[in-house]
1. Mind listing just one residue for me: the one in the range 58-71 that is closer than 15 Å to residue 40 by Cβ and out of contact with any helix residue (DSSP H, G or I) (no Cβ under 7 Å at 6 or more places or on another chain) and, of those, surrounded by the fewest Cβ atoms within 10 Å (Cβ to Cβ)?
2. From 29, 5, 74, 52, which residue is modelled with pLDDT of 95 or more and surrounded by 13 or more Cβ atoms within 10 Å (Cβ to Cβ)?
3. For the range 22-36, check the following and say yes or no: at least one residue is within 17 Å of residue 74 (Cβ to Cβ) and either free of Cβ contacts under 8 Å to residues at least 40 places away in the same chain or outside any loop (DSSP other than H, G, I, E, B) (or both).
4. Looking at the range 3-21, which of its residues are without any contact (Cβ under 8 Å) to a residue 24 or more places away in the chain and not in a helix (DSSP H, G or I)?
């Protein structure tokens, strides 16, 4: 978890996902941060592998949301 959050962009992405009531489309994150799709995929893979983010595929798009247990685990880790 610590390795996944050592990159400031990943922390900002996690914050956007945390604040959103609905899963966020990769296209919105690409536009928000001005990233290439391949770079966003790299960062999202790190967050998903760490168990912080869930991904749902809808046709050609990926939608991301904070994993249900992730915030509790992160809070416990930081405490």
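1. Restricting to residues being closer than 15 Å to residue 40 by Cβ and out of contact with any helix residue (DSSP H, G or I) (no Cβ under 7 Å at 6 or more places or on another chain), the top hit is 60.
2. Details: 5 fails: modelled with pLDDT of 95 or more; 74 fails: modelled with pLDDT of 95 or more; 52 fails: modelled with pLDDT of 95 or more.
Being modelled with pLDDT of 95 or more and surrounded by 13 or more Cβ atoms within 10 Å (Cβ to Cβ) holds for just one of 29, 5, 74, 52, which is 29.
3. The first filter runs over the range 22-36 and keeps only residues within 17 Å of residue 74 (Cβ to Cβ), leaving none.
Scanning the range 22-36, I find no residue that is within 17 Å of residue 74 (Cβ to Cβ) and either free of Cβ contacts under 8 Å to residues at least 40 places away in the same chain or outside any loop (DSSP other than H, G, I, E, B) (or both), so the answer is no.
4. The initial filter retains those residues of the range 3-21 that are without any contact (Cβ under 8 Å) to a residue 24 or more places away in the chain, namely 6, 8, 11-12, 15-16, 19, 21.
Result: 6, 21.
Per-residue answers, yes or no, for (1) under 17 Å from residue 3 (Cβ atoms); (2) more than 12 Å from the chain's Cα centre (by Cα); (3) in a loop (DSSP other than H, G, I, E, B); (4) without any contact (Cβ under 8 Å) to a residue 24 or more places away in the chain:
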{"site": "42", "(1), (2), (3), (4)": "yes, no, no, yes"}
{"site": "47", "(1), (2), (3), (4)": "yes, no, no, no"}
{"site": "51", "(1), (2), (3), (4)": "yes, no, yes, no"}
{"site": "57", "(1), (2), (3), (4)": "no, yes, no, yes"}
{"site": "64", "(1), (2), (3), (4)": "no, no, no, no"}
{"site": "68", "(1), (2), (3), (4)": "no, yes, yes, yes"}
{"site": "72", "(1), (2), (3), (4)": "no, yes, no, yes"}
{"site": "76", "(1), (2), (3), (4)": "no, yes, no, yes"}
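The values are calculated or read from the model by the stated rules, or taken from the named source; none is laboratory data. Note that the coordinates shown come from a computational prediction; the quantities given were computed from them, not determined experimentally. A quick note on method: Cβ atoms are made from the backbone with ideal geometry, for glycine too, and the neighbour counts reach across all protein chains shown.
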